[in-house]
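The values are calculated or read from the model by the stated rules, or taken from the named source; none is laboratory data. The structure displayed is predicted, hence computed values, not measured ones. Cβ placement follows ideal geometry from the backbone for every residue including glycine, while neighbour counts extend to all protein chains displayed.
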Amino acid sequence: MIVTPVVYCEDDQTLVDAFNHLPRPNMDSNYWSSDELKDLRGRVKTFYITAQGSRCCYCNRHLGTENHRVWDVEHIADRSKHAWFMFTPTNLAAACLDCNTAKSSTEVLTNARRVTYPSGSQHFKIIHPHFNRFADHILRVGQVYLPKTSKGKFTIYKCDLLRFAEKYIEWENRAVDRRFETEVSTVFADGLMAQAAVENIIAQLPNAE
Ligand SMILES: [Zn+2]
């Protein structure tokens, strides 16, 4: 998806401006969770859920619920590391709780020392919902996610997108079970959709979609 950035209302913009005028060492990443930002957080979340058609920015799954508790406002460049991007509209999106938890504080910038927000895809290791189309980087077949690019591979591993296939076939010892590793690597190495590899994975899934 290519997501449209949020435009803050007047009240929210006042809060954003006050934060953005702080010296960088004084920017506290925990400010995001403060009571003062409760309404802003709610508006940002609602905006991105709608802008993304209720699809998580990383797993691209449609969350068919009106309950916003299953969503997080996602800071693509993590706010604990880059507090100065906390309100940057192109740094914000909506992610499902599972993807956001898996990604955690993963560094996604190719240059972690940046102080101005990058304006293009090449500065990010992860699929960026404002700059990239999911399908250009990941092939999803039912429960299986396969990388088409290095960004796709990074996103699959850092957001734990193998969790769906793992759950589906009731994998145990998931940390050591690498049964699809060869197939995933084959697809990635070829840089194209290796249909045989995909079919091999699908064949191992019971009742694949
Ligand atoms: Zn997700």
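The conditions are (1) out of contact with any helix residue (DSSP H, G or I) (no Cβ under 6 Å at 6 or more places or on another chain); (2) within 18 Å of Ile2 (Cβ to Cβ), and Arg69 fails exactly one of them. Which is it?
For Arg69, the failing item is (2).
Given the conditions (1) buried (at least 19 other Cβ atoms within 10 Å of the Cβ); (2) at pLDDT below 95, and given that Asn60 satisfies all but one, which numbered condition is not satisfied?
(2)
State whether the residues of region 88-98 include one that is surrounded by 19 or more Cβ atoms within 10 Å (Cβ to Cβ), closer than 24 Å to Leu63 by Cα and among the hydroxyl-bearing types (Ser, Thr, Tyr).
The answer is yes, given that some residue of region 88-98 is surrounded by 19 or more Cβ atoms within 10 Å (Cβ to Cβ), closer than 24 Å to Leu63 by Cα and among the hydroxyl-bearing types (Ser, Thr, Tyr).
Looking at region 50-83 only, could you name the residues that are away from the ligand (no atom under 15 Å from the Cβ) and β-branched (Val, Ile, Thr)?
Within region 50-83, just Thr50 meets the criteria.
Applying the selection to region 87-132, what residues are in a loop (DSSP other than H, G, I, E, B) and within 16 Å of the ligand (Cβ to nearest atom)? Let's see the steps before the verdict.
Taking region 87-132 first, the residues in a loop (DSSP other than H, G, I, E, B) are 87-88, 104-108, 110-120, 125-132.
Once the filter is applied, which keeps residues that are in a loop (DSSP other than H, G, I, E, B) and within 16 Å of the ligand (Cβ to nearest atom), region 87-132 yields Ser104, Thr106, Val108, Ile126, Ile127, His128, Pro129, Asn132.
Hey, does region 151-164 have a residue that's in contact with a Pro (Cβ under 6 Å, 6 or more places away or on another chain), without any contact (Cβ under 8 Å) to a residue 40 or more places away in the chain and closer than 16 Å to Asn100 by Cβ?
Scanning region 151-164 turns up at least one residue that is in contact with a Pro (Cβ under 6 Å, 6 or more places away or on another chain), without any contact (Cβ under 8 Å) to a residue 40 or more places away in the chain and closer than 16 Å to Asn100 by Cβ.
So is Val16 surrounded by 11 or more Cβ atoms within 10 Å (Cβ to Cβ) and within 16 Å of the ligand (Cβ to nearest atom) or not? Outline the logic, then answer.
Details: surrounded by 11 or more Cβ atoms within 10 Å (Cβ to Cβ): yes; within 16 Å of the ligand (Cβ to nearest atom): no.
When the stated conditions are applied, Val16 does not pass them.
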